[in-house]
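The values are calculated or read from the model by the stated rules, or taken from the named source; none is laboratory data. As the structure is a prediction and not an experimental result, all values here were calculated from the model. Neighbour counts are summed over all protein chains in view; Cβ atoms, including those assigned to glycine, are modelled from backbone coordinates with ideal geometry. Side chains included, ligands, DNA and RNA excluded: accessible areas come from the protein's heavy atoms. Shrake-Rupley method; radii C 1.70, N 1.55, O 1.52, S 1.80 Å.
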Amino acid sequence: MSTETEEKYERYYVPEQSHWPIVGAIGLFLLAFGGGNFIQQTTGKYGNEGSMGWIIFAIGFAIMVYMMFGWWKDTVRESMSGLYSSQMDRSFRQGMMWFISSEVMFFAAFFGGLFYARVLVMPWLGGEGNNAMTHALLWPEFIPAWPMTETPGGTTTTAMGAFGLPAINTAILLTSSWTLTIAHHALIQGNRNTLLNYTVITALLGVIFLCLQVYEYYEAYEHMGLTLGSGIYGSTFFMLTGFHGLHVTVGTIFLIVMSIRVAKGHFKPENHFAYEAGAWYWHFVDVVWLFLFIFVYIL
Amino acid sequence: MAIRRKLFAGLAVFLSGLLSSAVYAAADLNMRPGVTETSVEAFELHMIVVWVMTGIAAVVFGVMFYSIFAHRKSKNPTPATFSHSTTVEVIWTAIPVLILIALTVPAVKLLIKMEDASNPDMSVVVTGSQWKWHYKYMEQDIEFFSNLKTPQVRENFKLEDAQNNENYLLEVDNELVLPANTKVRFLLTADDVIHSWWVPELAVKKDAIPGFINETWTSVPTPGIYRGQCTELCGEWHGFMPVVVRVLPQAEFDQWVVKKQEEKVAAEKAAAEAAARSWDMDKLMALGKEVYDAKCALCHQVNGEGAGTFPALKGSEMAIKADRMKDHIEIVVHGKAGTAMQAFSGQLTDAELAAVITYERNAWGNNTGEIVQPAEIQAFKAGN
Amino acid sequence: MADHHPTGIKRWLFTTNHKDIGSMYLWFSFIMFLIGGAMAMVIRAELYQPGLQFVDPNFFNQMTTMHGLIMVFGAVMPSMVGLANWLIPMQIGAPDMALPRMNNWSFWILPFAFTLLLLSLFMEGGAPNFGWTFYAPLSTTYGPPSTDFFILGVHMMGISSIMGAINVIVTVFNMRAPGMTLMKMPLFVWTWVITAFLLIMVMPVLAGVVTMMLTDRHFGTSFFDAAGGGDPVLFQHIFWFFGHPEVYIMILPAFGVASEIIPAFARKKLFGYASMVYATASIALLSFIVWAHHMFTVGMPVAGELFFMIATMLIAVPTGVKVFNWVATMWKGSMTFETPMLFAIAFVILFTIGGFSGVMLAMAPVDFQYHDTYFVVAHFHYVLFPGAIFGTTAAVYYWLPKWTGKMYNEKMGKIHFWWSMIAVNLTFFPMHFSGLAGMPRRIPDYNMMFAEFNQLASIGAFALGLSQLFFLYIVIQTIRSGKKSEDKPWDGATGLEWEQLPCPAPYHTFDTPPKVK
Ligand code: HEA
Ligand code: HEA
Ligand code: CUA
Ligand SMILES: [Cu+2]
């Protein structure tokens, strides 16, 4: 190989051996095994109340946290010591992009469930289409209406309005996207103070959002009789907003870590993949919320 | 080389043998045409597709085998160099499209016909549950369960049983009886999991889904007995849930209806009398065992020890503690929602219920000595 | 750079090397194949004759379920990922996969996930028994306790697959050697990019649907319960939205393998390279809109049935293009028939037969007669065994010299081929007949009228099982005492891995990118 090509070519960094993946695999296994036991134990469906599922689950969780810390620490160190070429950076970016695509599809499954239940199943149960007999023979009392506050089986609930807390939450998330964009621009322009302040503000907005959502859930369970068990309306409501909330939590932690790294001066205008990944993730969570707001709350 | 050639020839013969046996050979290698208009049309469409596929296979594999034969290295040492041709590529995209369009036309027509259950002459509600069918004639006010004739316990299914019985696994205690030349609409649903109601010779297959009613129909011109099976995995005894349809000429069907209605009145009377009587332990245990082995043992096992998700009744608190008697009656009469334990109030008479509960409280070492009288069941039902 | 590598157990546990990871995937998948196959042997033994011979109906259902799950998720998918790991970096001139540590994680999740799944066999109430399609409510309200571990196991497999797919896609888009334009990539790479895309789109949907199952089972939701306004059929829609692309996930890489091997042994360039790429992409796109062809009997509105019927039949067109291209590649070539080529040719023929029965199934009004009978079982084993598995087998014979530096014994390879070829047809062809005669699937016992076909199938199955053990023997024998391979054992082979690398390929390859003409 001539030295000429050697020079033009940035070496692609292939890490040496790492024990993090196998630690992660073990962690995941304990999480699943313990989690399964834990669920069965708490819901008591199979009478194995005595099992120690939660301990295994907790150990698994701890291992996962340990693994993530360690793994990311390695990556951060490698990145800071300049081992990563721009090609490597592209790998990370594309990886993140496809990861977010997969997340989109995860939500798509639940949105699909919601649409199917609302647009097709509910009218069918109410006797529309060629399903007149379903209504006549099985659910004669059922009156189709969305939000489905009374299920065919007779469970009743109240619907969550759109223009109280949810509207405020929408405003909060939209603002947070905007503050995060300001921060990102500041990063590119090398303006550290603005960057730090606005990143912190964004993370705070995330925390406020979560608090409000917890309050909303509390209201739903305590005062509105709206629970996971409230038929398909409750199921889709809590699963969609719940998984979204989980993602906001992850995104917020992401932003808090980014704030710390910003404070430590980790990022450069030309090398800040991690920050950008966090930002993408946040925007994705934001967009999901907009869909939620429209399809779960308003319509 | 010679060996290789022989092997290829062997392969070709073998494959074409397999293929052609599918098409030419005796009827039991093929789908049965069935007896209804739609089943015959479905069969015809099936034959069309088989032939079309065989034709395409002959061409594609023909060309390929020729090439394997003629273009091997020993015969054709220098390969050609072409690597694409837009013309042939367009052609071999277009031809399949045309073939598929040709296949779609009859398929669409037939599909629309098969799915049109409107304007029926009569309707039957078919309900699947683990592992039996229930038929309810909407107009005639007749209803009954249809179980596999052999009780669903493992010991009853041996090779000899299959060899000695032409209709092994395809016989039921109560057949679905239908009149000939009548458009019958089936309204399918299920109590627990999804089942699927299939009679090949009528070309009717439709899922029975809990909470929904699916519609399908048939009109059978020729009287006879038509057998099928449940075709959706529905749990342990899924393979033991046959469908038997007996088609009678209209007049005989009418007689059957009358007979059934009389039987119903008589049975109600007998049940009431049985319930009014006081039973002694031996009678209850004898009847109880009969009922238990027929209806309960498929889940709870003959020895009462249960299996898998089906709990043991032997030693079960519910079946031995006096203060749980009420729960015991409750679960057998009303079942437990969301589990395979179904309500037996509609399937057994009060006497049978009393007998089976008594049996469970005294069999397999559950020696409570307690007796449940049919009257107690009646009182329980009334009290609810 | 010295071609050194770590040794001992740590080499495998901690590795970031795509070749090591590829080997681990392949071995893992083979072990799973044997376990899943052993379960198939139980099924075939029970079905050898009417009557309940060996197992309880419930255990039979567990075997069917676990067999399907293990073969699909444990054998076929990991085998394809194994090939991807070994080959993609070498074929595009990359030093490794783009994200090597994550690559190792993707792999190591799998043994744990399958441990969890297999543990369920020993749990109270037994293993999952509701079929690999786990329809609600049989799997929700009526599922055994182990269902929860099955659900979490599926989550783990999903995480593994998604990360594996991300790795492939990023590697291909970002790590190609200069000059390796997209339309110069070997077809195996192309088929895998498209497969990876499918994986990223549908594995999360599978994760979603099993999550709904979990909450329906334990937390009171009613996605699949009409009383709460849900619908058991909703489960099927979401499952098959995943499930149908899944079957192409299993076959597309095998298409890629055939597209590498056939030109090599025909000593002639692949015919219609570009149309191959477009056809693969069309198959993938179409696969998103055909899912309900598995559900013709659930009582969809007729318009829906028509749509799904026609869309499904359309898939025959791009698939046909592929088949015709392979035949045209052979045409006027200069063919020899070493073992990989034999398997590749058998793949084309038998897959096509499976495809034909697929088109028959796609015709809704006739599918009412075929659905949930052994005709379907015959269809999918034709596309899966002589399809996906033969594809992998061909690949193993073809690249074994590259991987190990040793040459397998050609005579034994040929015996293995003919033995499998005859056995596979003997096993699965009669299933068409039993299906047409009316035998439902997933039943442990049957009427005498199906007896002959079942007996044949069982005999074939045992022979097929033995032939796979023979394959294992051949591979081990090659690794341990095979003849040393030349650097280019196949004179017609093309591609960077054959043209620029020796046999065996060094532990680290293409640290500096190769020149691509
Ligand atoms: C690798 C896996 C794989 C592949 C590639 C396919 C390919 C196809 N499958 Fe299959 N299928 C399965 C795996 C697969 N399938 C499985 C596992 C199940 C059962 C799941 C379960 O219920 O457990 C199933 C079930 C299944 C059903 C449901 C049956 C039922 O339950 O009632 C249907 C119905 O439409 C179907 C259709 C098709 C079609 C049309 C294709 C097409 O892609 C085939 C296209 C190929 C060709 C047609 C051959 C080559 C073409 C030519 C030579 C051109 C000329 C041809 C014509 C013009 C016709 N499949
Ligand atoms: C890639 C996928 C794949 C593969 C390769 C196979 C391979 C085989 N399959 Fe299977 N099969 C499925 C996917 C697959 N299958 C799926 C998805 C289903 C549907 C499940 C469902 O309904 O839910 C199914 C269902 C299915 C059924 C229907 C069951 C039913 O409906 O009740 C049958 C019946 O004969 C069967 C048979 C076989 C046989 C004989 C093989 C043979 O090819 C196997 C060859 C044998 C071996 C490879 C084993 C070799 C090893 C030994 C002999 C001993 C080794 C010992 C130890 C390791 C201890 N399969
Ligand atoms: Cu009922 Cu299968
Ligand atoms: Cu499909």
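Looking only at the range C:29-46, residues that are more than 16 Å from ligand 1 (Cβ to nearest atom) and within 14 Å of chain B (Cβ to nearest Cβ) come to 2 in all.
Count of the range C:360-411 residues, restricted to those that are away from ligand 4 (no atom under 16 Å from the Cβ) and open to solvent by 30 Å² or more (accessible area, probe 1.4 Å), is 7.
For residue B:173, are the conditions met, namely being more than 14 Å from chain C (Cβ to nearest Cβ) and farther than 28 Å from residue A:135 by Cβ? Yes; evaluated as a whole, the condition is true for this residue.
Residues considered: B:73, B:113. Of these, the only one that is under 30 Å from residue B:199 (Cβ atoms), surrounded by fewer than 20 Cβ atoms within 10 Å (Cβ to Cβ) and away from ligand 4 (no atom under 16 Å from the Cβ) is B:113. From the list A:245, A:231, A:265, which one is at pLDDT 95 or above and not β-branched (Val, Ile, Thr)? Of the residues listed, the single one that is at pLDDT 95 or above and not β-branched (Val, Ile, Thr) is A:245. Whenever a residue of the range B:194-206 is assigned to a strand (DSSP E or B), its partners that are within 16 Å of ligand 4 (Cβ to nearest atom) and not aliphatic (A, V, I, L, M), lying with C-beta atoms within less than 6 angstrom and at least six residues away or across chains, give the pairs B:205/C:297; B:206/C:297.
Answer with yes or no whether residue C:322 is more than 16 Å from ligand 1 (Cβ to nearest atom) and either more than 8 Å from every other protein chain (Cβ to nearest Cβ) or among the aliphatic types (A, V, I, L, M) (or both). So residue C:322 fails the test. Scan the range A:50-82 for residues that are within 14 Å of chain C (Cβ to nearest Cβ), surrounded by fewer than 14 Cβ atoms within 10 Å (Cβ to Cβ) and farther than 30 Å from residue A:37 by Cβ and the total you get is 2. Within the range C:251-297, restricting attention to residues that are farther than 17 Å from residue C:361 by Cβ and within 15 Å of ligand 4 (Cβ to nearest atom), the residue that is farthest from the other protein chains (Cβ to nearest Cβ) is C:252.
Scanning the range B:73-100 for residues that are in contact (Cβ under 8 Å) with a residue 24 or more places away in the chain and among the aromatic types (Phe, Trp, Tyr) turns up nothing. Quick check: anything in the range A:198-220 outside any helix (DSSP H, G or I), open to solvent by 10 Å² or more (accessible area, probe 1.4 Å) and at pLDDT below 95? Checking the range A:198-220: not a single residue is outside any helix (DSSP H, G or I), open to solvent by 10 Å² or more (accessible area, probe 1.4 Å) and at pLDDT below 95.
Quick check on residue B:288: is it more than 16 Å from ligand 3 (Cβ to nearest atom) and on the phi > 0 side of the Ramachandran plot? So residue B:288 fails the test. Screening the range C:289-301 for residues that are open to solvent by 20 Å² or more (accessible area, probe 1.4 Å) and more than 20 Å from residue B:189 (Cβ to Cβ) and picking the one that is farthest from ligand 2 (Cβ to nearest atom) gives C:289. Residue pairs whose Cβ atoms lie under 7 Å apart, separated by 6 or more positions or on different chains, with the first residue in the range B:336-352 and within 14 Å of chain C (Cβ to nearest Cβ) and the second open to solvent by 50 Å² or more (accessible area, probe 1.4 Å), are B:338/C:141; B:342/B:191. The criterion of being in the same structural domain as residue B:190 (by TED's automatic domain parsing), of a type in the set (A, V, I, L, M, F, W, C) and surrounded by fewer than 24 Cβ atoms within 10 Å (Cβ to Cβ) holds for residue B:258. Residues that are open to solvent by 20 Å² or more (accessible area, probe 1.4 Å) and either without any contact (Cβ under 8 Å) to a residue 40 or more places away in the chain or over 26 Å from residue C:97 (Cα atoms) (or both) within the range C:473-488 comprise C:473, C:476, C:477, C:480, C:481, C:483, C:484, C:486, C:487, C:488, listed in sequence order.
Among the residues of the range C:111-141, none is identified as among the acidic types (Asp, Glu) and within 16 Å of ligand 4 (Cβ to nearest atom).
Rundown of residues vs (1) within 16 Å of ligand 4 (Cβ to nearest atom); (2) closer than 22 Å to residue C:386 by Cα; (3) within 14 Å of another protein chain (Cβ to nearest Cβ), yes/no style:
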{"site": "C:61", "(1), (2), (3)": "no, no, yes"}
{"site": "C:64", "(1), (2), (3)": "no, yes, yes"}
{"site": "C:81", "(1), (2), (3)": "no, yes, no"}
{"site": "C:85", "(1), (2), (3)": "no, no, yes"}
{"site": "C:98", "(1), (2), (3)": "no, no, yes"}
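Cβ contacts < 7 Å: first residue hydroxyl-bearing (Ser, Thr, Tyr), restricted to the range C:63-79; second residue near ligand 2 (Cβ under 6 Å from one of its atoms), any location; separation 6+ or different chain. Result? What qualifies is C:64/C:43; C:64/C:131; C:64/C:442; C:65/C:131; C:65/C:132. Here residue C:427 meets each of (1) modelled with pLDDT under 95; (2) in a helix (DSSP H, G or I) with one exception, condition (1).
When you scan the range C:91-99, do you find a residue that is assigned to a helix (DSSP H, G or I) and over 17 Å from the mean Cα position of the chain (by Cα), even just one? Yes; the residues of the range C:91-99 include at least one that is assigned to a helix (DSSP H, G or I) and over 17 Å from the mean Cα position of the chain (by Cα). Looking at C:271, C:343, which is the one that is open to solvent by less than 10 Å² (accessible area, probe 1.4 Å), closer than 29 Å to residue B:77 by Cα and within 16 Å of ligand 2 (Cβ to nearest atom)? From the options C:271, C:343, the qualifying one is C:343.
The lone criterion from (1) of a type in the set (Phe, Trp, Tyr); (2) within 19 Å of residue C:462 (Cβ to Cβ); (3) free of Cβ contacts under 8 Å to residues at least 24 places away in the same chain left unmet by residue C:122 is number (2).
Report, by residue number, each residue of the range C:225-243 that is within 16 Å of ligand 2 (Cβ to nearest atom) and open to solvent by 10 Å² or more (accessible area, probe 1.4 Å). Answer for the range C:225-243, where residues must be within 16 Å of ligand 2 (Cβ to nearest atom) and open to solvent by 10 Å² or more (accessible area, probe 1.4 Å): just C:240. With respect to residue C:247, is the statement that it is open to solvent by 20 Å² or more (accessible area, probe 1.4 Å), within 16 Å of ligand 4 (Cβ to nearest atom), in contact (Cβ under 8 Å) with a residue 40 or more places away in the chain and not aromatic (Phe, Trp, Tyr) true? Answer is yes for this residue. Taken together, the residues in the range C:214-224 that are touching a helix residue (DSSP H, G or I) at 6+ places or on another chain (Cβ under 6 Å) and surrounded by 23 or more Cβ atoms within 10 Å (Cβ to Cβ) amount to 4. Within the range B:35-59, the set of residues being within 11 Å of ligand 1 (Cβ to nearest atom) and open to solvent by less than 30 Å² (accessible area, probe 1.4 Å) comprises B:49, B:53, B:57. Just to be sure before I move on: is residue C:393 polar (S, T, N, Q) and away from ligand 3 (no atom under 16 Å from the Cβ) in the structure I sent? Taking the combined requirement at face value, the residue satisfies it.
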